[in-house]
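Structure, as structure tokens:
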Amino acid sequence: MNNKHPYERRLWWRIRLPWFLINIGIADKGKNCEEVNAQHKWYAIDNISSGCYYCKVIAKGQKWKANV
């Protein structure tokens, strides 16, 4: 059984591609991790909101602190 995140490959490409390619839609983030039965991986957007590395979801609060 494969336990990798369904959007892992997209994240791998996002780390390596130049931003202008990402901005035109190549290796765009997924819609929502929960829709594919996966967990979010949070980062700090502005010390108030949390963003997911894998998908486009933004949440209020410091959810990235739970990742530590």
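The values are calculated or read from the model by the stated rules, or taken from the named source; none is laboratory data. On a predicted model such as this, the values are computed, not experimentally measured, just so you know. Methodologically, a virtual Cβ is constructed for each residue, glycine included, from the backbone with ideal geometry; neighbour enumeration extends over all protein chains shown. The protein model used for the area step is the full one, side chains on, heavy atoms only, and it has no ligands, DNA or RNA in it. Shrake-Rupley method; radii C 1.70, N 1.55, O 1.52, S 1.80 Å.
Listing for the model above:
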| read-out | value |
| --- | --- |
| Residue match in the stretch 49-68 (condition: of a type in the set (Gly, Ala, Ser), outside any loop (DSSP other than H, G, I, E, B) and surrounded by fewer than 12 Cβ atoms within 10 Å (Cβ to Cβ)) | yes |
| Failed criterion for Glu34 (all others in (1) in a helix (DSSP H, G or I); (2) open to solvent by less than 40 Å² (accessible area, probe 1.4 Å); (3) closer than 21 Å to Lys4 by Cα; (4) not small (Gly, Ala, Ser) hold) | (2) |
| Pair list, Cβ under 6 Å, 6 or more apart: the stretch 33-57 residue in contact (Cβ under 8 Å) with a residue 24 or more places away in the chain and over 17 Å from Arg9 (Cα atoms), other residue part of a loop (DSSP other than H, G, I, E, B) and open to solvent by less than 40 Å² (accessible area, probe 1.4 Å) | Val57/Asn32 |
| Residue in the stretch 12-28 that is within 25 Å of Gln62 (Cβ to Cβ), touching a strand residue (DSSP E or B) at 6+ places or on another chain (Cβ under 8 Å) and in a helix (DSSP H, G or I) present | no |
| Test result for Ile15, farther than 23 Å from Ala66 by Cα and without any contact (Cβ under 8 Å) to a residue 60 or more places away in the chain | no |
| Evaluation of Glu8 against (1) modelled with pLDDT of 90 or more; (2) buried (at least 18 other Cβ atoms within 10 Å of the Cβ) (one fails), failing number | (2) |
